[in-house]
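Asks: Handing you this structure, nothing more for now.
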Amino acid sequence: MNSLVVPKGLEGVIVDRTEISTTDQSGNLLYRGYRVVDLVEKLDFESVALLVLTGKIPDPEARSRFSDLLKTNSVIEGKVREIIRVLREPNIMNNLRSIVSLYPYKNRKNLDLLIEIASKFPSIIFYSDVAIRGWRDIEETGGTYAERLYRILTGRDDRENSKFFEKLLIMYMEHEFNSSTFALRVTASTLADPVCGITSALSALKGPLHGGANSEVLDYLLKFKSEDEAIRFIENKLSRKEKIMGFGHRVYKVKDPRAQYIKSQLKKLHGYDSVMKYAESIESYMWQERHIPVNLDFYGALYMNALGIEERFFLPVFASARVFGWSAHYIEQVSSNKIIRPQAQYVGPVGLKL
């Protein structure tokens, strides 16, 4: 069999086919053929999640059943809550990965099990936070998925802010063969169960070059006192050839439409303050000087901060949305499976003798 030598990191390489999401010629992200910016404006999180999972926009009855399923499956068993309390793990992503992998799930069929796993993310986040910071008396299961998660993260019932939050969750839900999704598909291709697949995805998402970027964005954006200081910071980073978190993307070479949409919503949510001014200055500088576009993590970090969501929750928020995309990819992978097993080009020594 002839072997193909492909670019490091598989950049620009098509490795499989998918019906779940893509980016069209105009740079629009599509879920199942629909532009995400249209879905965000016209559908709620549950409806988009079902679209991603099944390929169809649900009717009101199907949407209601799915919403009820997310609520009933969100309950965490007492013995698992006790494990979380005893562990007292301060990093919520570590807890998500651990509890997802050990939970005694009731379902066995792939789709049912994947929905059960996804349903528990908000509650795992809640009890992980309670284990470190003490009990907060809030209702965990009431309301929509976005409302429940927003209440868990902030302790507040705020329907208007929950709707803004829901828009970001939909934007984060799916993005074709990103690193965490590809990790899941590699695992699924071995016919490992959905728990293994989601655990693999969570592990990949934690990396700062993937899901962890938005926390680093907030770290530098909030410390500036002027536009000049912001630009000098970026210039110094570039002169040292350091990566600027929140910029660049394998798919979007000119504009990330998700970032631009969330920026427009951020102005509605929070207005135009000095931090927004610094952010737009950095965005303009990076494009003019390096032709590197801003990505969703950049404005997504400011967006969550404006919603009152603390930085420690940023990556768990990403995971709580993306788990539905991962679930769709698990189903698609195993439905037409071939084990993903590439070769490597060996460049080490040969013929060594003892």
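Asks: Relative to the Cα centre, what is the charge dipole magnitude of the stretch 243-354, using +1 at the beta carbon of each Lys and Arg, -1 at the beta carbon of each Asp and Glu, and rounding to the nearest 20 debye?
Replies: Value, rounded to 20: 440 debye.
Asks: Would you grab the residues whose amide H sits under 5 Å from the one on TYR31? Only those 5+ places off in sequence or on another chain, please, with H modelled 1.01 Å from N.
Replies: Placed amide hydrogens put VAL36 under 5 Å from TYR31.
Asks: Using +1 at the Cβ of each Lys and Arg and -1 at the Cβ of each Asp and Glu in the chain, identify which of TYR105, TYR145, ASN295 lies farthest towards the dipole's positive end.
Replies: TYR105
Asks: Further, regarding this structure: What's the local net charge at ILE331, with K and R +1, D and E -1, over the other residues with C-beta under 12 Å away?
Replies: Surrounding charge for ILE331 is -1.
Asks: OK, next. For the chain, rounded, prolate or oblate, judged on the Cα gyration tensor with a ≥ b ≥ c (square roots of eigenvalues), a/c < 1.5 rounded, else prolate if a/b > b/c?
Replies: Rounded, since a/c falls under 1.5.
Asks: Taking the Cα centre as origin and putting +1 on Lys and Arg beta-carbons and -1 on Asp and Glu beta-carbons, what dipole magnitude results for the chain, to the nearest 20 debye?
Replies: Dipole size: approximately 860 debye.
Asks: Count charges around ALA204 for me, please; just the other residues with Cβ under 13 Å from its Cβ, Lys/Arg as +1, Asp/Glu as -1.
Replies: Net charge in that neighbourhood comes out at +4.
Asks: Here's a follow-up. Relative contact order (percent) for the chain, with alpha-carbon contacts under 8 angstrom and 6 or more residues of separation?
Replies: In percent, rounded to a whole number, it is 22.
Asks: Okay, next question. Name the long-range amide H neighbours of PHE247: under 5 Å, sequence gap of 5 or more, or other chain; modelled H, no Pro or chain starts.
Replies: Here the answer is ASN295, since their amide H atoms fall under 5 Å of that of PHE247.
Asks: Please give the Cα centre distance for the stretch 171-249 versus the stretch 66-133, rounded to the nearest Å.
Replies: Computed from Cα coordinates, the inter-centre distance equals 23 Å.
Asks: Determine, for LEU43, LEU51, LEU69, the number of other Cβ atoms within 10 Å of each Cβ, and report the residues in order from fewest to most.
Replies: LEU69, LEU43, LEU51
Asks: Can you pull out the chymotrypsin sites (Phe, Trp or Tyr not before Pro) in the stretch 265-354 that DSSP calls coil and that have at most 12 other Cβ atoms within 10 Å?
Replies: TYR272, TYR346
Coordinate-derived values only; no laboratory data. Keep in mind that what you see is a predicted model, and the values were worked out from it rather than measured. Cβ: placed from backbone, ideal geometry, glycine included. Neighbour counts: every protein chain shown.
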